[in-house]
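As structure tokens, the structure follows; a few thoughts come after it.
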Amino acid sequence: MINKNYLKLPGSYLFATIGRKVKEYSEAHPEKSIVRLGIGDVSLPLAPAIVEAMHKAADEMGSTVKGYPDYEGYDFLRQVIAAGDYTGRGLDISVDEIFVNDGAKCDSADLGDIFSTDAKIAVCNPVYPVYVDSNAMAGRAGDYIAEKGQWSNLIYLPCYASNNFAPEFPAERPDVIYLCFPNNPTGATVTKAQLQEWVDYANKVGAVIIYDAAYEAYITEADVPRSIYECEGARTCAIEMRSFSKNAGFTGTRLGFTVIPKDLIRDGVSLHMLWTKHQENTMNGVSYIVQAAGAAVYTPEGRRQTQEQVAYYMKNAQTIRTALADMGYTVSGGVNAPYVWLKTPGQMTSWEFFDYLLEKANVVGTPGSGFGSCGEGYFRLTGFGSAENTEEALRRIREL
Ligand code: MLT
């Protein structure tokens, strides 16, 4: 017998659908040059310090045997992560609370495995689709109601322009709450005080927050928290996910990590212990070469070079935001995040605007409704393109 929950998914993965549409269009119009500002994939090559570390690690593997890596990640990488992202910033996270993985997407899907199939899940709306789809595949989301564009058993936290795209507490008590700040797709953030309220709420009702901080490197404003562990009490309610994809260009290299504090206990059981079992039983770690490359991100050179890349993408995002606002679009995001979230013109749906931009300007973005029903009438553009392509896309949109 198969897992029939998979059949409930209404379509394919959002970015796979977009990729297919763009491929069809470009096969039909091979003469058109398409500018892609859809998926948040990087356009700059890996920084020199990272490449050098990869070469060195590859040479080492030719002279010494490096077999299966540690399940939770090599100590040399966990040490620099703990020091660079947590203890060095005054946050109480220890080396053995860090689990290295091959990118945040897998863990954002797999973390559900340590919760009951009856656990009640809360997600923002709009939201990164992986949280929803993975819970649907595990049977926690109920049934997809096409007319509403929502799942029957999920708790939705609507994020509107009127609440600055920040979620509010739900009427119903959730067991697990997915939060992502800086947000994908809206680019919105919450202040430390707002995040503290969510931590207090989770501790009060016994919920667990799965906090996706993949875009932390893009924060520019001082009152925006870089980690949920800046909030008091987060060690007893929060799991944090980080990625090397967006801050260091590892989308094609694959590396990330998840933090589970040992104080996080539910049903009298340590979630750290459950996730250790999960990792030991289902994966064999991340390659030595990639982890060595990841450690190079924390060296002074690696930091400087990757920060330059982040600044380059942020400049694109700011250019998009300013140019679209000048053209009369209603825009948000692009200040602490590489994503700009815009209202589609007139009464156009998100997909109508997607087709319009693709066909008339040969520019690819991401339809807001692909992130959930509250994303309808919105559209996402990313700052991850090259500066030239970003300018070109804006020129074409302006001409339209
Ligand atoms: C996005 O474009 O939303 C992201 O790149 C997708 C991802 O990180 O998996």
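The values are calculated or read from the model by the stated rules, or taken from the named source; none is laboratory data. Small disclaimer: the values here were computed from a predicted structure and weren't measured. So basically every Cβ, Gly included, is an ideal-geometry build from the backbone, and we count neighbours across all protein chains shown. Side chains are part of the model used for accessible areas, which takes the heavy atoms of the whole protein and leaves out ligands, DNA and RNA. Shrake-Rupley method; radii C 1.70, N 1.55, O 1.52, S 1.80 Å.
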query: If you take the square roots of the eigenvalues of the alpha-carbon gyration tensor of segment 254-332 and sort them as a ≥ b ≥ c, do you get rounded (a/c under 1.5), prolate (a/b over b/c) or oblate?
result: oblate
Three-way shape call for segment 143-207 based on the alpha-carbon gyration tensor, with the a/c threshold at 1.5: oblate
- prompt: Which value, in debye to the nearest 20, gives the size of the charge dipole of segment 332-390 about its Cα centre, when Lys and Arg are +1 and Asp and Glu are -1 at the Cβ?
  reply: 160
- prompt: Which is farthest toward the positive dipole end of the chain among F99, S227, L154, measuring Cα position about the Cα centre, with Cβ charges +1 (Lys, Arg) and -1 (Asp, Glu)?
  reply: L154
statement: For the chain, one quarter of the surface area of the C-alpha convex hull, expressed in nm², comes to 20.6
- request: With a Förster radius of 35 Å, plug the Cβ-Cβ distance of I265 and T299 into 1/(1 + (r/R0)^6) and report the FRET value to the nearest 0.05.
  value: 0.45
- request: With the Cα gyration tensor of segment 1-111 in hand, convert its eigenvalues to equivalent ellipsoid semi-axes via √(5λ) and list them largest first in whole Å.
  value: 36, 24, 17
field: DSSP beta bridges in the chain [antiparallel fraction, %, rounded to 5]
entry: 55
Solvent exposure ordering (accessible area, 1.4 Å, most first) of T117, T186: T117, T186
task: In whole angstrom, note down how far apart the Cα centers of segment 282-340 and segment 194-273 are.
output: 18
task: Diagonalise the Cα gyration tensor of segment 292-373 and give the resulting equivalent ellipsoid semi-axes, square root of 5 times each eigenvalue, largest first, whole Å.
output: 32, 15, 11
field: Most positive-pole-ward Cα, A83, M54, M348, against dipole of the chain from beta carbon charges
entry: M348
query: In nm, to one decimal, how far is the S12 label point from the S373 one, both placed 7 Å along Cα→Cβ?
result: 2.6
query: Considering the dipole of segment 263-400 built from charges on the beta carbon (Lys and Arg +1, Asp and Glu -1) around the Cα centre, which of A295, V364, N281 is farthest to its positive end?
result: A295
query: Ranked from highest to lowest mean number of other Cβ atoms within 10 Å per residue, what is the order of the peptides 25-38, 382-395?
result: 382-395, 25-38
- line: Over the chain, the sum of -39500 (n - 2.57) across DSSP H runs of at least four, divided by residue number and rounded to 500 deg cm²/dmol, gives at 222 nm -11000 deg cm²/dmol
- line: Expressed as a percent, the accessible surface of segment 19-171 that is carbon or sulfur, using a 1.4 Å probe and the full set of protein chains, is 52
- prompt: Ordered by packing density, taken as the mean number of other Cβ atoms within 10 Å over each peptide's residues, highest first, how do 324-330, 306-312, 259-265 rank?
  reply: 259-265, 306-312, 324-330
- prompt: What size of dipole, in debye to the nearest 20, comes out for segment 167-238 about its Cα centre when the only charges are +1 on Lys and Arg C-beta atoms and -1 on Asp and Glu C-beta atoms?
  reply: 140
- line: Each label sits 7 Å from Cα toward the beta-carbon; between N3 and A58 the label points are separated, in nm, by 3.5
